[in-house]
Amino acid sequence: MEEIVFGIGITALAGALATVAGAAEDTESDIGSQGDPNSQVQLAPQMGYIHRIFNKAVAGEPPAYGLWVALGAGLAWAFMAMQINPILAIVLGSALAVFVQGVYATTAYLGRTASLAKFGQPVYIDILKSMTTVTMAHAFVAIFTTVAMCHLMISALGHPFPLPLLGLVWGIALGAAGSATGNPFYGKERQYQEQKFGAGVPISASGNIVRYAEAGQRNSLDNGFFSAKLGGPASGICFGLIVFFELWRTVVFEPLAAGWGAVIVGVIVILVFAIIDRYIEVWARKTFGPYTAPEEASS
Amino acid sequence: MSALGGPKQTGGIQPPTGMGLVLSIVLIIVALALAFLLVQMAGVIALVGIIIGGVLIGFGVHFVPVGGAPAAMGQAPGIATGVAMLAAGAGLAGLFGGAWAAPLGLPLALAGGAVGGGLLMAITCTMVNVIYVFGMGIPAASGKVAKDPITGDTFPEYKSQGTEGHGLPFISWVGGVIGGALGGLGGTLIYLELLDIYQAQLPVLLNATVEQIAPVAVSLAGIFAVGMFLMNAVLAAYNITGTIEGPHDPKFKRFPRAVIAAAAASAVAGIFAIALLELVGVF
Amino acid sequence: MSVKIEVGAGGIPHNQILIYGLVGSLVLIYLTYLNTITNTQYFAFFGGLAAVVALLWGTDTIKHLCSYGLGTGVPSAGMIALGSGVVGALFGATTGILAPIVAIIVAAIIGAVAGVLANNVVRMDIPVMIVSLTELAIVGAMTVLGLAAMACGTFEFLGMITGTTVILGFAVQTYEASVIGGSIIAVIFMLGAIAIQHSFNACLGPGEKQDRTLMLAAECGFLSMIPVAIISFAFIAFLPALVALLVSVIGWIYTYVQYIALSKRDAYAWLDAKPILEPKGGA
């Protein structure tokens with residue numbers, strides 16, 4: 001019994017760490033315009049819209065976070081192998097991983113922007129100075145919490161994977177969850193704020209991203225400010241729920257039915273999410289209503 | 001993904017060339033024969049497991065609804081990220097669950113891997129819809145079909161002007177969960193087969209106990225499972241040229257090509273992974 | 001909305017880079033064997049240099065492949081490269097002194113098979129597909145083998161799976177504290193996968209220049225060496241690891257400064273805290 005209570009405590013802690021990681025990850029990638037919304041930042045100058053947005057095209061978020069977290073975990077593992085205590089090791093490992101992330105971010109911005117010289121997009125060096133540091137700070141939070149979570153899974157819950165491999169697995173999952181949830185909110189609601197709410201961006205408007213702020217010119221810090229209000233926390237909840245349910249079903253229900261309890265509970269959780277999703281979908285259809293009258297015999 | 005890259009315009013589905021088919025079959029047979037020569041029946045069983053795992057991954061990727069960059073603008077339905085990497089996220093989360101349940105036996109570990117992958121996709125797809133509906137006020141509308149095959153919802157009247165549809169219809173949600181589950185299943189299967197081989201061979205080779213070599217066996221099996229997962233997922237992503245809405249998308253019909261490619265690629269990579277320890281100490 | 005991938009023309013021909021990359025990385029990786037001959041660990045950093053040379057070559061290959069438009073991201077090419085490369089590298093590592101050569105051969109087989117499958121089964125029908133995936137797999141294998149050799153001072157399998165740990169003041173041999181047993185190979189895998197695709201992904205566009213892209217490739221290589229050098233403190237003696245760290249940091253600073261200078265050369269304008277320059281005639 002005590003073991004299970006301990007397990008539940010670790011599960012909750014890991015879920016909380018994952019929630020922080022997801023929120024920081026999405027805010028970081030939105031400040032850097034990483035992931036899919038990056039294509040619009042890249043497209044805008046080609047359409048004649050010169051902007052002051054950070055264009056940090058390192059890779060998609062899943063591979064990029066796969067590297068940052070695996071790197072943080074690998075360095076932490078090495079420091080622990082050198083007999084440094086785990087908390088210090090994880091902090092040092094994450095800090096060095098963030099250094100690599102920051103360097104990648106600057107080279108990506110310089111490379112992409114220099115290649116757009118033909119369209120008159122200048123390199124704004126102050127963007128690098130002010131925004132790289134902010135993305136690094138967010139990335140540090142995301143990497144540190146994820147590596148700490150992986151360390152808990154190994155030392156407290158007994159997962160067989162060594163720390164760096166676990167970091168790779170959860171780093172890619174973190175990037176996948178964060179980019180899936182957070183990207184549309186930044187891409188549609190922020191980059192195309194001037195377009196109608198409640199509708200997709202017409203393809204003809206592509207590249208016409210918002211470049212001026214309430215006062216002065218918009219930069220990526222304004223974007224982080226915006227997406228930290230919904231996109232970030234939503235990504236955090238997404239990743240937190242994933243980690244929590246994944247651990248919870250195993251820790252609590254694996255002793256039941258010779259291990260099949262964990263599987264059955266997992267399937268039930270999936271079905272519950274199916275119902276939630278269907279409810280949201282139907283609610284949206286009813287509330288937002290059809291935009292045009294249904295076509296006759298459209299099927 | 002940040003990717004830029006225009007999907008190639010292809011009219012209809014081009015079947016695999018005769019040479020490609022023959023070569024795939026020859027490669028699989030040669031790999032199986034080699035596996036038998038090197039590690040006897042255990043090798044054949046392991047290789048068959050790896051091939052099935054690779055096929056499941058390649059097939060599963062086709063279920064995952066990915067809209068890429070247009071999805072992030074509400075211009076196309078699906079999840080706004082890259083297909084190979086989203087599938088990898090789900091499959092590796094499945095691998096996490098499967099590897100954890102490995103001591104409880106093969107069926108349970110496989111089921112754990114599948115549920116792990118499905119769970120990630122279920123939560124992610126639901127949160128995607130939460131953002132679309134509550135953050136952006138956009139209802140789901142598929143661009144490829146007029147009616148949801150599962151719920152019977154009609155889409156054309158919910159589509160906003162100048163887009164190919166948007167949001168994540170229920171059929172795509174189901175597709176995502178199936179894709180995640182198949183990916184988790186496939187990744188776990190590759191991991192378990194390789195783990196078995198290494199746990200049998202390493203103690204003999206190094207004159208050590210199973211516990212002593214466990215980290216090496218787990219790491220080798222894990223990194224090969226990740227590597228083969230990514231290989232198969234990228235081949236499948238090439239097959240669907242980037243974006244797909246799910247099982248109702250016409251592009252879904254291309255899956256046999258990816259299945260053949262995944263089988264042959266897994267056979268070749270798998271035989272090297274199985275035979276890894278055969279040459280230790282020979283040179 | 002996808003953007004057409006455009007690349008600059010001119011520069012050093014690809015075949016020349018291929019030869020330099022292949023021979024250079026092979027020679028450099030063999031220089032780490034001086035460790036075994038002289039019974040020291042000071043030559044470990046040559047493994048990292050081999051990875052840098054291989055990455056230079058891989059960047060140019062990715063540029064050729066991705067200029068055709070794959071339909072999915074540039075990063076996917078890096079994933080498939082390292083996915084097939086890691087199998088080749090670890091299989092090669094088991095063959096002792098022949099390791100780098102066997103790694104090249106095995107990676108070439110896996111890469112060629114993936115290329116044939118991509119072209120003939122998945123029907124990408126891209127002329128340079130087979131050659132490019134073969135090259136990329138070799139680059140992936142050399143990167144993994146080089147960085148792994150840098151971390152533990154040898155490219156031989158037994159060296160990669162054994163390490164020493166200190167328990168109560170005694171140095172004890174263990175499989176857990178090793179490059180493979182600790183899954184440091186997973187870190188190397190991701191370092192290579194991002195480094196191989198980053199330089200082209202970051203520099204693509206109509207103003208892409210070969211010298212700037214290749215300088216960035218070298219920068220990515222040296223940057224990847226830095227964490228590996230830090231990790232190597234856990235495996236090799238203090239002074240050799242310090243030498244490796246110094247080499248990496250000096251190489252990184254030089255290439256980073258050079259890359260910034262080249263970006264300054266190619267940029268439309270280099271401004272600090274200036275407003276948006278609207279194009280003449282308005283947007």
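The values are calculated or read from the model by the stated rules, or taken from the named source; none is laboratory data. Being a predicted model, the structure only gives us computed values, none of them experimental. Please note: Cβ atoms are built from the backbone with ideal geometry, for glycine as well, and neighbour counts cover all protein chains shown.
In the stretch A:213-236 there is at least one residue matching the filter, namely being surrounded by fewer than 21 Cβ atoms within 10 Å (Cβ to Cβ), facing chain B (nearest Cβ under 9 Å) and in contact (Cβ under 8 Å) with a residue 24 or more places away in the chain.
Search the stretch B:69-100 for residues being at the interface with chain A (Cβ under 7 Å from one of its Cβ atoms) and over 17 Å from the mean Cα position of the chain (by Cα), and hand back the single one that is nearest to B:Leu182 (Cα to Cα). Taking the candidates together, the pick is B:Trp100. Just one of (1) out of contact with any Pro (no Cβ under 6 Å at 6 or more places or on another chain); (2) assigned to a helix (DSSP H, G or I) fails for B:Met85. It is (1).
Scanning the stretch A:101-110 for residues that are surrounded by 24 or more Cβ atoms within 10 Å (Cβ to Cβ) and free of Cβ contacts under 8 Å to residues at least 24 places away in the same chain, we see that the one that is farthest from A:Asn219 (Cα to Cα) is A:Thr107. Scanning the stretch B:157-209 for residues that are among the acidic types (Asp, Glu), farther than 16 Å from B:Leu110 by Cβ and touching a residue at least 40 places away in the same chain (Cβ under 8 Å) yields a total of 1.
Remark: A:Val41 falls outside the filter, which requires a residue to be among the β-branched types (Val, Ile, Thr) and at pLDDT 95 or above.
Kindly indicate whether any position in the stretch C:217-227 is surrounded by 19 or more Cβ atoms within 10 Å (Cβ to Cβ), within 30 Å of B:Leu202 (Cα to Cα) and without any contact (Cβ under 8 Å) to a residue 60 or more places away in the chain. There is at least one residue in the stretch C:217-227 that is surrounded by 19 or more Cβ atoms within 10 Å (Cβ to Cβ), within 30 Å of B:Leu202 (Cα to Cα) and without any contact (Cβ under 8 Å) to a residue 60 or more places away in the chain.
Only one of the listed residues (A:Leu67, A:Leu75) is farther than 28 Å from B:Ile79 by Cα, at the interface with another protein chain (Cβ under 9 Å from one of its Cβ atoms) and aliphatic (A, V, I, L, M). That residue is A:Leu75.
Say whether the condition of being assigned to a helix (DSSP H, G or I), at positive phi, surrounded by fewer than 20 Cβ atoms within 10 Å (Cβ to Cβ) and more than 14 Å from chain A (Cβ to nearest Cβ) is met by at least one residue in the stretch B:46-53. No: the stretch B:46-53 contains no residue that is assigned to a helix (DSSP H, G or I), at positive phi, surrounded by fewer than 20 Cβ atoms within 10 Å (Cβ to Cβ) and more than 14 Å from chain A (Cβ to nearest Cβ).
Checked against (1) within 11 Å of chain B (Cβ to nearest Cβ); (2) hydrophobic (A, V, I, L, M, F, W, C); (3) surrounded by fewer than 20 Cβ atoms within 10 Å (Cβ to Cβ), C:Leu117 passes all but condition (3). Scanning the stretch B:14-31 for residues that are assigned to a helix (DSSP H, G or I) and either among the charged types (D, E, K, R) or surrounded by 18 or more Cβ atoms within 10 Å (Cβ to Cβ) (or both) returns B:Gly20, B:Leu23, B:Ser24, B:Leu27, B:Ile28, B:Ala31.
Residues in the stretch C:90-110 that are in contact with an Asp or Glu (Cβ under 7 Å, 6 or more places away or on another chain) and crowded, with 24+ Cβ neighbours inside 10 Å: C:Ala93, C:Ala99.
Does the stretch C:242-256 contain at least one residue that is more than 8 Å from chain A (Cβ to nearest Cβ), crowded, with 24+ Cβ neighbours inside 10 Å and in contact with a Ser or Thr (Cβ under 9 Å, 6 or more places away or on another chain)? Yes, some residue in the stretch C:242-256 is more than 8 Å from chain A (Cβ to nearest Cβ), crowded, with 24+ Cβ neighbours inside 10 Å and in contact with a Ser or Thr (Cβ under 9 Å, 6 or more places away or on another chain). Looking only at the stretch B:226-283, filter to residues that are surrounded by 24 or more Cβ atoms within 10 Å (Cβ to Cβ) and of a type in the set (Ser, Thr, Tyr); which one of those is farthest from the other protein chains (Cβ to nearest Cβ)? Among them, the one singled out is B:Ser266. State whether the residues of the stretch A:165-182 include one that is under 16 Å from the mean Cα position of the chain (by Cα), under 13 Å from A:Gln40 (Cα atoms), aromatic (Phe, Trp, Tyr) and more than 7 Å from chain B (Cβ to nearest Cβ). No, the stretch A:165-182 contains no residue that is under 16 Å from the mean Cα position of the chain (by Cα), under 13 Å from A:Gln40 (Cα atoms), aromatic (Phe, Trp, Tyr) and more than 7 Å from chain B (Cβ to nearest Cβ).
Could you tell me which of the residues A:Gln121, A:Gln195 is surrounded by 24 or more Cβ atoms within 10 Å (Cβ to Cβ) and at negative phi?
Details: A:Gln195 fails: surrounded by 24 or more Cβ atoms within 10 Å (Cβ to Cβ).
Among A:Gln121, A:Gln195, only A:Gln121 is surrounded by 24 or more Cβ atoms within 10 Å (Cβ to Cβ) and at negative phi.
Within the stretch C:146-158, does at least one residue satisfy the condition of being free of Cβ contacts under 8 Å to residues at least 40 places away in the same chain, surrounded by fewer than 24 Cβ atoms within 10 Å (Cβ to Cβ) and out of contact with any Leu (no Cβ under 9 Å at 6 or more places or on another chain)?
Of all residues in the stretch C:146-158, those free of Cβ contacts under 8 Å to residues at least 40 places away in the same chain come to C:158.
Those still in the list that are surrounded by fewer than 24 Cβ atoms within 10 Å (Cβ to Cβ) too: C:158.
From the residues that got through so far, the ones that are out of contact with any Leu (no Cβ under 9 Å at 6 or more places or on another chain) too are none.
No - not one qualifying residue is present in the stretch C:146-158.
Taking the criterion of being under 15 Å from the mean Cα position of the chain (by Cα) and among the β-branched types (Val, Ile, Thr), the residues of the stretch C:195-240 that qualify are C:Ile196, C:Thr213, C:Ile226, C:Val228.
Just to check your reading of the model, which residue among A:Thr113, A:Thr146 is touching a Leu at 6+ places or on another chain (Cβ under 7 Å), within 14 Å of chain C (Cβ to nearest Cβ) and crowded, with 20+ Cβ neighbours inside 10 Å? Let's see the steps before the verdict.
Numbers: A:Thr113 fails: touching a Leu at 6+ places or on another chain (Cβ under 7 Å).
Answer to the check: A:Thr146.
Residues being farther than 28 Å from C:Gly159 by Cα, surrounded by fewer than 22 Cβ atoms within 10 Å (Cβ to Cβ) and in contact with a helix residue (DSSP H, G or I) (Cβ under 7 Å, 6 or more places away or on another chain) are entirely absent from the stretch C:73-89. For the stretch C:173-184, indicate whether the set of residues that are in contact with a Leu (Cβ under 8 Å, 6 or more places away or on another chain) and either aliphatic (A, V, I, L, M) or in a helix (DSSP H, G or I) (or both) is non-empty. Yes, some residue in the stretch C:173-184 is in contact with a Leu (Cβ under 8 Å, 6 or more places away or on another chain) and either aliphatic (A, V, I, L, M) or in a helix (DSSP H, G or I) (or both). The residues on offer are C:Ile37, C:Ile126, C:Ile101, and the sole one that is hydrophobic (A, V, I, L, M, F, W, C), within 13 Å of chain B (Cβ to nearest Cβ) and assigned to a helix (DSSP H, G or I) is C:Ile101.
May I ask you to verify whether B:Pro139 is over 29 Å from A:Gly240 (Cβ atoms) and not in a helix (DSSP H, G or I)? Don't jump to the end; show me each part of the working.
Values: over 29 Å from A:Gly240 (Cβ atoms): no; not in a helix (DSSP H, G or I): yes.
It is false that B:Pro139 is over 29 Å from A:Gly240 (Cβ atoms) and not in a helix (DSSP H, G or I).
For (1) at pLDDT 95 or above; (2) under 30 Å from A:Ala258 (Cα atoms); (3) more than 7 Å from chain A (Cβ to nearest Cβ), each residue gets a yes or a no:
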{"residue": "B:Pro139", "(1), (2), (3)": "no, no, no"}
{"residue": "B:Ser142", "(1), (2), (3)": "no, no, yes"}
{"residue": "B:Gly176", "(1), (2), (3)": "no, yes, yes"}
{"residue": "B:Gln201", "(1), (2), (3)": "no, yes, yes"}
{"residue": "B:Val204", "(1), (2), (3)": "no, no, yes"}
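Within the stretch A:40-63, being within 7 Å of chain C (Cβ to nearest Cβ) and either within 16 Å of A:Ala173 (Cβ to Cβ) or within 17 Å of the chain's Cα centre (by Cα) (or both) holds for A:Ala57, A:Val58, A:Ala59, A:Gly60, A:Pro63. Taking the criterion of being of a type outside the set (A, V, I, L, M) and over 17 Å from A:Leu88 (Cβ atoms), the residues of the stretch A:130-149 that qualify are A:Ser130, A:Thr132, A:Thr133, A:Thr135, A:His138, A:Thr146. Only one entry in A:Val252, A:Val282, A:Val272 is farther than 28 Å from A:Ala142 by Cβ and not in a loop (DSSP other than H, G, I, E, B), namely A:Val282. Looking only at the stretch A:1-56, residues that are closer than 25 Å to A:Val103 by Cα and free of Cβ contacts under 8 Å to residues at least 24 places away in the same chain come to 2 in all.
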